[in-house]
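Accompanying notes for the structure given below.
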Amino acid sequence: MRVEVQAAGPLRGELRLPSDKSLTHRAFMLAAAARSSSEVLHPLTGADCLSTLQCLNAMGLRHRADGPVWTLLPVNEWMAPQRPLDCGNSGTTMRLLSGLLASRPMEATLVGDASLSRRPMKRIAEPLRLMGATVEGDTAPLRISGRDLVGIEYTLPVASAQIKSCVLLAGLRASTPTTVHEPHPSRDHTERMLTALGVQIQRVSPLTSKLEPFQVFEGFRMKIPADISSAAFWMVAGALIPGSEIRLTEVGTNPTRTGILEVLQQAGAQVEHEPGPEELGEPTGDLIVRSSKDLRPFTISGDLVPRLIDEIPVLAVLATQCHGETVIRDAGELRVKESDRIQVVADGLRNMGAQVETTGDGMVISGPTPLTGTAIDAEGDHRIAMAFSIAGMIATGSTTIEHADSVLTSYPTFFEDMKSLQGVPR
Ligand code: S3P
């Protein structure tokens, strides 16, 4: 699918964005592993989460959707899948599911699309092998033979919630405790959800979690909050487009995900946060963004990086309009996401007229520079499609997004929401 984006007038209105992708993956996986049935309200039905669901279905998970309320019946006897488990474009599916499978006495092969097949899997294969599982392949296809596992004390090579969660999910059924140390705090949804389910897991220091062996838990009820990574697009567009005012409701505001709010504050953007209720240990709230003038450049480095890793493409768009030099560093992980996001973002923004220099682990963006519409190919990377759509809304002329259907991965209604914020009927 190809979409043409034009310069936009003020964005106004209230949106309940699609639900959080990371939380939906975890809710599906934990519901499969629970001892009784669960109710998940408003799961994200983007392609990534459907990949997780279909893989779990192939091993015995049953689900029924009644409008926004999904009932999930746990897997009592895990069945070896008849065919390879297709994780599609989803790194979270492949990495977390590997952890869930590593302790089940069966064989499974995990495959993915072209983008996922290029992404590094040694980072999860290694700890799972140390725990006792047999994992063949350091990239997809991965062939996993589950075994009785032992816990490990493991230091993550990079700050990655996917690796951490893989090890913790495997550790749930290990015979000794599992301890993970991370170099920087990454999103802690798995730890919060497990704690809310009564699992014995402790944060023993800011960078270390310890899980006790042989943990079981009952089913649960969880309403999945809206995804702050999807909110990011409208927060940036709302800050940049004069006259805008947008309220984003029921957004997940877990502090390990709110790095973008700190960056917007650094830039001088007007964003308000009205706290709401917690959902299975996850804070939520409404975010209100208004357009701002004379935005300042910002720095993203160190501990901040994992707290906004998926928002960097759209924050790079913001940086092109800030007065001065924005520096993004310590973000080498961007090179192994759904695309090499450092290169793809820099190339696309330069084609639109921005001043961007790349470094091994980030980029330096000098602004403000006017942007001009161009053609962008988002093949295989949803966040590139959406970040450049926002760039198109502040550019002159028309911006063509090729393979724009990649938005289905995490934000199926992105282009409808773009219209509704501009007052165009759906
Ligand atoms: C995710 C963690 C992040 C993020 C991804 C989802 C998760 O990846 O980029 O979109 O659900 O745990 P890493 O933890 O590998 O950085």
request  = Residue by residue through region 246-271, note down the ones that are closer than 25 Å to Lys419 by Cβ and over 16 Å from the mean Cα position of the chain (by Cα).
outcome  = Ile246, Arg247, Leu248, Thr249, Glu250, Leu264, Ala269, Gln270, Val271
key: Selection count, region 268-296, where residues are among the acidic types (Asp, Glu), surrounded by fewer than 18 Cβ atoms within 10 Å (Cβ to Cβ) and touching a residue at least 24 places away in the same chain (Cβ under 8 Å)   = 1
ask   = Pick from region 231-261 the residues that are of a type outside the set (A, V, I, L, M, F, W, C), touching a Lys or Arg at 6+ places or on another chain (Cβ under 8 Å) and not in a loop (DSSP other than H, G, I, E, B): which of them is farthest from the ligand (Cβ to nearest atom)?
value = Glu245
query = Restricting attention to region 395-410, which residues are closer than 27 Å to Lys21 by Cα and either out of contact with any strand residue (DSSP E or B) (no Cβ under 8 Å at 6 or more places or on another chain) or surrounded by fewer than 18 Cβ atoms within 10 Å (Cβ to Cβ) (or both)?
reply = Thr400, Glu402, Asp405, Ser406, Val407, Leu408, Thr409, Ser410
note = Within region 240-254, of all residues that are touching a residue at least 40 places away in the same chain (Cβ under 8 Å) and under 19 Å from Ser22 (Cα atoms), the one surrounded by the fewest Cβ atoms within 10 Å (Cβ to Cβ) is Thr249
task = Within region 291-329, track down each residue that is under 22 Å from Asn254 (Cα atoms) and among the charged types (D, E, K, R).
result = Asp303, Arg307, Asp310, Glu311
task = Tell me which residues, restricted to region 89-105, are open to solvent by less than 10 Å² (accessible area, probe 1.4 Å) and not in a helix (DSSP H, G or I).
result = Ser90, Ala102, Ser103
message = Regarding region 14-35, can at least one residue be identified that is more than 17 Å from Phe220 (Cα to Cα), touching a residue at least 40 places away in the same chain (Cβ under 8 Å) and hydrophobic (A, V, I, L, M, F, W, C)?
response = yes
key: Those strands (runs of 3 or more DSSP E) lying entirely in region 119-187 with at least 2 residues more than 15 Å from the ligand (Cβ to nearest atom) and touching a residue at least 40 places away in the same chain (Cβ under 8 Å)   = 142-145
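Among the residues of region 354-378, which ones are farther than 23 Å from Pro242 by Cβ and crowded, with 16+ Cβ neighbours inside 10 Å? Lay out the reasoning, then the answer.
From region 354-378, those farther than 23 Å from Pro242 by Cβ are 356-364, 375-378; that's our starting set.
Val356, Thr358, Asp361, Gly362, Met363, Val364, Ile376, Asp377, Ala378 - these are the residues of region 354-378 that are farther than 23 Å from Pro242 by Cβ and crowded, with 16+ Cβ neighbours inside 10 Å.
The values are calculated or read from the model by the stated rules, or taken from the named source; none is laboratory data. These figures come from a predicted structure and were not determined experimentally. Neighbour counts run over all protein chains shown; Cβ positions are idealised from the backbone, glycine included. Just so you know, the surface numbers come from the protein's heavy atoms only, side chains and all, with ligands and any DNA or RNA stripped out. Shrake-Rupley method; radii C 1.70, N 1.55, O 1.52, S 1.80 Å.
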